Amino acid sequence: MKKICLFLSIVLLLTVFPGINRFNAYAASNQIVKIGLYYGSKAQSQMIISADKGVAYSAYDAAANTYSQVFNSSPGQSINIRKDSYFSGSGANLTAVSAEGSPTVGPFHLKLKNTYKTYNETLPVINTYKQKGITAYPVFTDDGWNIWTGFYLDHAAAESAIAAVKQKLGQLECTVIDNVETRICGADGNTGDIIFMYAAGQKLLRGRSLAEGEPIQIGTGKLNTYRGQVEFLRATGSDMTIINVLPMEEYLYGVVPNEIESFSNVEALKAQAVAARTYAYLNLTKTSKSNPHLNYGFNLCNDIHCQVYKGMGSENAFTNAAVDETKDMVITYEGGLIEAVYSASSGGRTEDASNVWGGAPYLKSVEDKYESGKSPKYNWTLTFTADEISQKLKNYDIGNVTGIEVTKLSDAGRPIEILVKGTLKPEGIKFTKDGCRTFLGLYSQWYTVTTNSDVTVLVDGKEEKKQLGELTVVTADGETKSTGPDEKLTIVGAEGQTAEVGAAPTEYIFTGKGYGHAVGMSQEGAKGMADAGFKFDEILTHYYTGTQIEVKK
């Protein structure tokens, strides 16, 4: 009976997805993925963590894939996870400062005597110390639990405190603990009392809800809820990095509704889910050279650099269903995962990746005729003054911008080479490929450039658009070259109409189509194709030339 059911299931799959050429007979393991929430310039000095049923804090040994218990918070209890560093203020009201910023709290401590096996073993000793006037706290280390006291500003201050500590506690052993920029504190979110110090160098501090399958809250506000675990890491140049660790499919729940509207046609939602899954899985295979996020301890970030991810608080029933119904499906080309890039709107035709970044045989320019002309930024216009452009390009030492010329177009009609000229660089600065979009932060790479000094002239019987400063002007006194950037002339048209035009442009008008890099799938186009009756696999294989949909092993 089981064999018959399995056969019928396979037949049903092939019937439902006729456009899928090959399903491998294996399933993905729902691999764990690490998502950077706060890192680099967004890294935090402290963060409130809680869960309805409490949070289990553990030391995770990545090599052995094992956990050691650190502390379990009470239901709803807020724990302020903060770096062991310099702060001003007191109690729960602390503000991170530099060592020179008049701190009241510092990262130097005194270790008191013994090592203990568990957190609970330290508590009676700490209570005894408290009764004698010494505030102490448990510390998790690679070698077991310690008891420390004090948050001194420097080594000398810690050393000078030893005598006072011994006077109250007797002649027990005291050792100065110097600043190490990897330590993390867990303090009561209301009182600021230290609940634990995390000083392990070989393991990672993680937290998860004590209720299986329930979310953890990272920060304040009900939208800041996340599935899986939260990991804290103090990395060089990143203050305290905060990472969400969770299974791939659960990560996608928090991606799809933030990349495409949840009310879109279900086939477009499925296409987005498969593209997002493929993009994520491929990033798991990259090295730190091609994925710099690995230097901060995670695989993908949570913004548009990778894919927008906002956790469980952003989930939607429709997009969750799209993820579930395409579980483990990815896009491949000749058996390998593709770089499944996508953008909001192509404006009517996608672009060959070789004209934006680097080429790929499956990232070719294709017609995007189902995208609605009413799509956001399908048509757009941006106007910049010459002064604004000069300021944006000040790092190029171009001086005052005097001209922008499109010097090469792709087969799809997008600029792939432009020349920006200035008073300090009359020969111009060349921007190519994606730089033709990013040099001014334009909506897309598909545009034309006009200026307020443009005039239309006849050249060999054909109309051409020129800037007045490029032309020889005939005056009553003979011929003269109009080159003064501040000079304005009155132009008389063929029908006797007059207009005052500057010799050098003071405004540049960019008239374009589409939103984003236009490589791979157009999300607006995918929605249009879905509304026209195409299935998700047909949408994907249209945008990613020569690809297949497979089940990830």
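Read-outs: derived from the displayed coordinates by stated rules, not from any lab. Remember, predicted model here, so these are calculated numbers, not experimental data. Because the Cβ atoms are built from the backbone with ideal geometry, glycine has one as well, and the counts that use them run over all protein chains shown.
What is the order of 462, 369, fewest Cβ neighbours within 10 Å to most?
With the fewest neighbours first, 462, 369 line up as 462, 369.
Could you give the C-alpha radius of gyration of the chain expressed as a fraction of 2.2 N^0.38 Å, taking N as the number of residues it contains?
This ratio for the chain stands at 1.28.
Dipole of the chain, Cα-centred, from +1 at each Lys and Arg C-beta and -1 at each Asp and Glu C-beta, to the nearest 20 debye?
Charge dipole, the chain, about its Cα centre: 1980 debye, nearest 20.
Once you put a point 7 Å from the Cα of residue 325 and another 7 Å from the Cα of residue 143, both along the Cβ direction, what distance in nm separates them?
Placing both labels 7 Å beyond Cα along the Cβ direction yields 5.9 nm.
Would you kindly state how much longer the chain becomes between residue 424 and residue 41 on full extension, computed as 0.36 nm times their sequence separation minus their alpha carbon distance, in nm to one decimal?
134.5 nm
Scan the chain and hand back the longest stretch that contains none of the GluC sites (Glu not before Pro) lying in DSSP loops with at most 11 other Cβ atoms within 10 Å.
Here the longest segment lacking exposed loop sites spans 213-333.
Which lysines does residue 394 reach when only Cα atoms under 19 Å apart count, and residues fewer than 8 places away in its own chain are ignored?
Correct list for residue 394: 421, 425, 430.
For the stretch 361-431, evaluate the Debye formula with one uniform point scatterer on each Cα (no solvent term) and list log10 I(q)/I(0) at q = 0.14 Å⁻¹, rounded to two decimals.
After summing over all Cα pairs, the log10 values are -0.63.
How long are the three semi-axes of the equivalent ellipsoid for the stretch 326-464, computed from the Cα gyration tensor as the root of 5 times each eigenvalue, in whole Å, largest first?
33, 19, 15
In deg cm²/dmol and to the nearest 500, what is the mean residue ellipticity at 222 nm of the chain if only DSSP H runs of at least 4 residues count, each as -39500 (n - 2.57), divided by the residue total?
-5500 deg cm²/dmol
To one decimal place, what Kirkwood hydrodynamic radius in Å is obtained for the stretch 46-221 from all pairs of distinct Cα atoms?
Answer for the stretch 46-221: a Kirkwood hydrodynamic radius of 16.8 Å.
Need the list of lysines near residue 42 for cross-linking: C-alpha distance under 18 angstrom, and skip anything on the same chain fewer than eight residues off.
Correct list for residue 42: 34, 83, 310.
Subtracting the Cα-Cα distance from 0.36 nm times the residue separation, let me have the gained length for residue 284 to residue 388 in nm, one decimal.
Residue separation times 0.36 nm, minus the Cα-Cα distance, leaves 33.4 nm.
Would you mind ranking 350, 149, 118 so that the residue whose beta carbon has the fewest other beta carbons within 10 Å leads the list?
With the fewest neighbours first, 350, 149, 118 line up as 118, 149, 350.
Exposure proxy check: 446, 380 ranked by fewest other beta carbons within 10 Å?
So the ranking, lowest neighbour count to highest, is 380, 446.
How many nm separate the modelled label positions at residue 236 and residue 212, each set 7 Å beyond the Cα in the direction of the Cβ?
Output for this residue pair reads 4.2 nm.
Place a point 7 Å from the Cα of residue 182 along the Cα-to-Cβ direction; which residues of the stretch 227-253 have their backbone N under 12 Å from it?
Only 233-236 fall inside the zone, counting backbone N under 12 Å.
Which length gain, in nm to one decimal place, applies between residue 545 and residue 118 when the Cα-Cα distance is subtracted from 0.36 nm times their residue separation?
147.9 nm
Computed FRET efficiency, Cβ-Cβ of residue 68 and residue 223, R0 25 Å: what is it to the nearest 0.05?
Once rounded, the FRET efficiency stands at 0.20.
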